[in-house]
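What follows is a single structure, written as structure tokens, with notes after it.
The values are calculated or read from the model by the stated rules, or taken from the named source; none is laboratory data. None of these values were measured; they are calculated from a predicted model. Note that we place each Cβ from the backbone using ideal geometry, even for glycine, and neighbour counts take in every protein chain shown.
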Amino acid sequence: MTVCTDQYWMHYALELAHYACKQGEVPVGAVLIQKNKIIAEGWNQPISQNDPTAHAEIMALRKGGKVLKNYRLLNTILYVTLEPCLMCVGAMMHSRITRLVYGAKDRKTAVVSTFFKKIDYLQMNHNIKIDSGILADECREILNKFFLTCRNKKFII
């Protein structure tokens, strides 16, 4: 993929993050691509679904499995606005996505940017190509605004 294509799909994921924000969810969006076409999309829904696993990535992977009629999402790319958590990375490994592209680093968990450096990633049964920092400022900005609003309203997520 070219940087231009990565930016295009990350902009799409950002639109999904804005949708999540309007729903009162932490603004994270994800889009699953195969052959430069959308297979599935997702946005954070843990609050509205009362489901702690309803992260944007999981929602996109679940829908992708249904669309492709296979839990193995071979030759796909997942674009996510925020660095995925450990649960989501585990689901990506099991689904066999080819590539992960994320925008902003997650300063609290930093699973992808730190955890994979601590384990022997190459010894795992599936490797995912990882690229980061695509539209990172825009991805970080929507999160910062959301949490600032929450703090100002004394709203607890």
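Kindly establish whether Glu57 is assigned to a helix (DSSP H, G or I), acidic (Asp, Glu), under 19 Å from Cys139 (Cβ atoms) and within 14 Å of the chain's Cα centre (by Cα). Yes. Contact map, segment 34-59: first residue of a type in the set (Lys, Arg), second residue assigned to a loop (DSSP other than H, G, I, E, B), Cβ cut-off under 8 Å, separation 6 or more or different chains; pairs are Lys35/Asn75.
Summed over segment 16-35, the residues that are farther than 18 Å from Lys145 by Cα and either touching a helix residue (DSSP H, G or I) at 6+ places or on another chain (Cβ under 7 Å) or in a strand (DSSP E or B) (or both) give a count of 5. In segment 111-130, is there at least one residue being on the phi > 0 side of the Ramachandran plot and either without any contact (Cβ under 8 Å) to a residue 40 or more places away in the chain or not small (Gly, Ala, Ser) (or both)? No.
The listed residues are Asn70, Asn75, Asn125, Asn50, and the only one of them that is among the polar types (S, T, N, Q) and at pLDDT below 95 turns out to be Asn125. Scan (1) under 23 Å from Leu148 (Cα atoms); (2) of a type outside the set (Phe, Trp, Tyr); (3) crowded, with 19+ Cβ neighbours inside 10 Å; (4) at pLDDT below 95 for the single condition Gln45 breaks and write down its number. It fails just one condition, (4). The residues listed here are Asn50, Asn36; of these, the one that is more than 13 Å from the chain's Cα centre (by Cα), closer than 17 Å to Asp131 by Cβ and surrounded by fewer than 24 Cβ atoms within 10 Å (Cβ to Cβ) is Asn36. Candidates in segment 4-23 are the residues that are among the aliphatic types (A, V, I, L, M) and touching a residue at least 40 places away in the same chain (Cβ under 8 Å); of these, the one that is surrounded by the fewest Cβ atoms within 10 Å (Cβ to Cβ) is Leu14.
Could you tell me which residue of segment 69-115 is surrounded by the fewest Cβ atoms within 10 Å (Cβ to Cβ), considering only residues that are hydroxyl-bearing (Ser, Thr, Tyr) and outside any helix (DSSP H, G or I)? Top of the filtered list is Tyr71.
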